[in-house]
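Here the structure is laid out as structure tokens; the discussion comes afterwards.
Only the coordinates and a few stated rules stand behind these numbers; no lab work does. Remember, predicted model here, so these are calculated numbers, not experimental data. All Cβ positions, glycine included, derive from the backbone under ideal geometry; neighbour counts span all protein chains shown.
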Number of protein chains: 2
Amino acid sequence: MQPVACQVEGWQNAGAKIVETAAFMVSGTTNGEFPETMIKRTKGVTISQVADAAGVARSSVSRAFTRPDMLSPETVDRILRAAETLGYVPNHTARALSTGRHGNIGLIVPDIANPFFPPLIQAAQTEADRSDFCVFLGNTAESPKQEDKLVGRFAGQVEGLVLASSRLSDERIRAHARQLPLVLINRDIEGIPRVLIDSSAGVRQAVEHLANLGHRRIAYVSGPAASWSNKQRRSAIRAGTTARGMELSIIPTPAPTYQAGREAVASVLQTGASAVVAFDDLTAQGILTGLAERNIVVPRDFSIIGCDDVLGAMTFPALTSVSNHSADVGRIAISMLLDILRSRSVADVRYALDTKLVIRDTTAQAPGR
Amino acid sequence: MQPVACQVEGWQNAGAKIVETAAFMVSGTTNGEFPETMIKRTKGVTISQVADAAGVARSSVSRAFTRPDMLSPETVDRILRAAETLGYVPNHTARALSTGRHGNIGLIVPDIANPFFPPLIQAAQTEADRSDFCVFLGNTAESPKQEDKLVGRFAGQVEGLVLASSRLSDERIRAHARQLPLVLINRDIEGIPRVLIDSSAGVRQAVEHLANLGHRRIAYVSGPAASWSNKQRRSAIRAGTTARGMELSIIPTPAPTYQAGREAVASVLQTGASAVVAFDDLTAQGILTGLAERNIVVPRDFSIIGCDDVLGAMTFPALTSVSNHSADVGRIAISMLLDILRSRSVADVRYALDTKLVIRDTTAQAPGR
DNA sequence: ACTTGACATGCAACCGGTTGCATGGAAATC
DNA sequence: GATTTCCATGCAACCGGTTGCATGTCAAGT
């Protein structure tokens, strides 16, 4: 088969952007002339058709599905049988319109590729599923503008929203909370239900651990300025180092990514620090690479501690990290949101999960001691 | 603040499962008595209210938003102004009900935590966004049952669906394709539009690369049985090794995960192979760890090649891998789906993207040569 | 001045369910 | 046997938009 330009009819429009990608091959035929031959789509069976088939009113069909106890068992049976044979499936949209509930909840995260989020997302989805809710996931790529847009777009189609590590301003978040039920993850705004990973205990242990190993001068490679977690971790470190008379340098990064960590290494080394605490594991992993590139051996020459503990033993050497329960956070946030939806009342709940340091192979005695 | 049991009213129901998680603290108050004091939610402004305010019929308001060219500029202006001051925002659900299009598309993946998917998802979301579509993401956790369920639940709320690396049977997929527009990723079913990563070229190069390095006996740590990519990669390897008279062992795994790779190492070593090709990068990374645990040095003692090339330099040593364009795949799949929705006709398109080997630091001369 | 069109807007049906209220028949009560 | 009660079911309005068709107005054409 020869690589050919994409000329399949009714699809060419997308050509421009597709051509730029890679070598590719397209084969196949269109069904432009016989639109019905390929896959014929079954059009929706409505409640009225079922009603006719079963010889009852539309309302009875509706009740057979939603409140079967209101009908006699035989009628229910007859209706369900008719529905079955016709292949009836309730129209979600119509139901949503009249009841006001569509059984969807939204989950918005800043970066789906950050390993912190997948477990959280997965747990959220599982929890929602238990209550027959569907999770719509949004990814903001760390952009507040994109986040605002996504929230707006989701607003009409979900009953409630979970914002994880939101990069929006307090005002924007409050504004959205006025539109629909909101639960925050790692964002502490009074009056809005929130579940937080309280890193302070873990970070305190991290500083203590480094102090015990003889490190006197350390650096914190920070996360996004809009991140609550970042502020919290930073101040916990500052408190810890100050209390022990250690020197602390703060290294800013544009976003918590592998690349950013790698690029932060230069600045870190300039500070003369012998150990670093990174905003998250991904950043720490980048730092690990940046150090390796400079032939600095971890942990012999340099110690690293991450946060989130989501990479675990997947780095080399295995990363010492501040552990949290990212999956739990997702599950709890959804659970809170569902409860709000059920009770139709918002409690000012602030749920904080504890953290602790998990020591692995990236921390050791400070060099020269 | 003392850790306290969660007794916040209207939220206790979830207590059982939350208690089991970790140390936690809850503070805050409920607004049970003054449900309106905290965050007062604005209820929806309808088209009728805008119509009244602007002194026109409901239909005109509708047209002001959807077909402004049908109205006189002044009327449009007046209506928009009224809508603005009232804070009107069109009800997505109602619109969907009457038009039949809700502007959502679904994307279902087997494992969101597998680094292959995030770039794909991100690209899909961006592409959908360009056409003002919203992506609903589903995660099946590698379970066909869960996948079936998700598809069913999505069916009512999305205009079309992209199934990435589906684990469903051909029959189930065909059945779903009868219900709504479907585009497949890495699944080759005739009659259903699909975009495929054709690993054969890259895998061929991988085998050749290993052969040139003097490896005579290699292993393939395979992926899910239901995976098309797995079958394809396996047969490409088999063809390559057979052609060169190399010995090949196939090691099965339950799922393409880090853990599975790590556990596969024992079987791999039993085969006496000096090099391994893994189904994907995640599996390869697991193998890397499994080898390190046994003090087998890569690439001196053993060579590894992954597939997908999504970890890039994030492993140590940096992983040699068969590259593909996972982001492109996501973008193209969405673009195809949108085209199908626009044209309302399904073409039997088969779009295959090429791959090539990217050599890094996990492959070297076979030991003893 | 009268017809013809074009154009702007309103009317009302419709999308596919849900639900408060009315109705009718059977069972229970006196 | 007449009256009350209860329960199963139907009727019709409603959710909030969209859209085909009818209507009315005003300018152009003859």
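Points worth noting:
- Contact order normalised by residue count of the range B:138-182, Cα under 8 Å, 6+ apart, percent: 41
- For peptides A:279-287, A:350-358, A:45-53, sequence by mean Cβ density within 10 Å, most packed first: A:279-287, A:350-358, A:45-53
- By the helix-only formula, in which each DSSP H run with n ≥ 4 contributes -39500 (n - 2.57) and the sum is divided by residues, the protein assembly as shown has a 222 nm mean residue ellipticity of -13000 deg cm²/dmol.
- Normalised contact order of chain B, rounded percent, pairs of Cα under 8 Å and 6 or more residues apart: 16
- Gaussian network model of chain B, Cα within-10 Å springs - most flexible of B:Ser166, B:Ser200, B:Ser72: B:Ser72
- Under a model in which nothing but the beta-carbon of Lys, Arg (+1) and Asp, Glu (-1) is charged, chain B shows a dipole of about 640 debye around its Cα centre.
- Applying 1/(1 + (r/R0)^6) with r as the Cβ-Cβ distance of B:Asp132 and A:Asp132 and R0 = 25 angstrom yields a FRET efficiency of 0.30.
- Distances between copies of B:Gln259, taken at a point 7 Å out from Cα along the Cα→Cβ vector and listed shortest first: 3.2 nm.
- Per residue, the convex hull spanned by the alpha carbons of chain A comes to 199 Å³.
- The alpha-carbon atoms of the range A:126-264 define a convex hull whose volume equals 138 cubic angstrom per residue.
- Each copy carries a label point for A:Ser169 at 7 Å from Cα along the beta-carbon vector; from one copy to the others these points are 5.7 nm apart, nearest first.
- Spin-label model, A:Arg172 to A:Thr46: label points 7 Å out along the Cα-to-beta-carbon direction sit 4.2 nm apart.
- Summed side-chain charge close to B:Ile197 - residues other than B:Ile197 whose Cβ falls under 15 Å, Lys, Arg +1, Asp, Glu -1: +1
- Part-to-part distance (alpha-carbon centres) for the range B:108-173 and the range A:251-293, which is given in Å: 34
- Sequence-distant residues sharing a close amide H with A:Asn186 (under 5 Å, placed H): A:Ser165, A:Val195, A:Leu196, A:Ile197
- Exposure proxy for B:Thr93, A:Thr99: other Cβ atoms within 10 Å of each Cβ, ordered fewest to most, give A:Thr99, B:Thr93.
- Sorted from closest to farthest, the other copies place their B:Pro367 label points 3.1 nm away, with each point set 7 Å from Cα along Cα→Cβ.
- Cα centroid separation, the range A:176-237 to the range A:336-363 (Å): 13
- Using a cut-off of 25 Å between Cα atoms, the listed pairs B:Lys43/B:Lys149; B:Lys231/B:Lys356; B:Lys145/B:Lys231; A:Lys149/B:Lys43 include B:Lys43/B:Lys149 as exceeding that distance.
- The Cα atoms of the range B:265-347 cover 58, 25, 15 Å along the three principal axes, with the biggest extent listed first.
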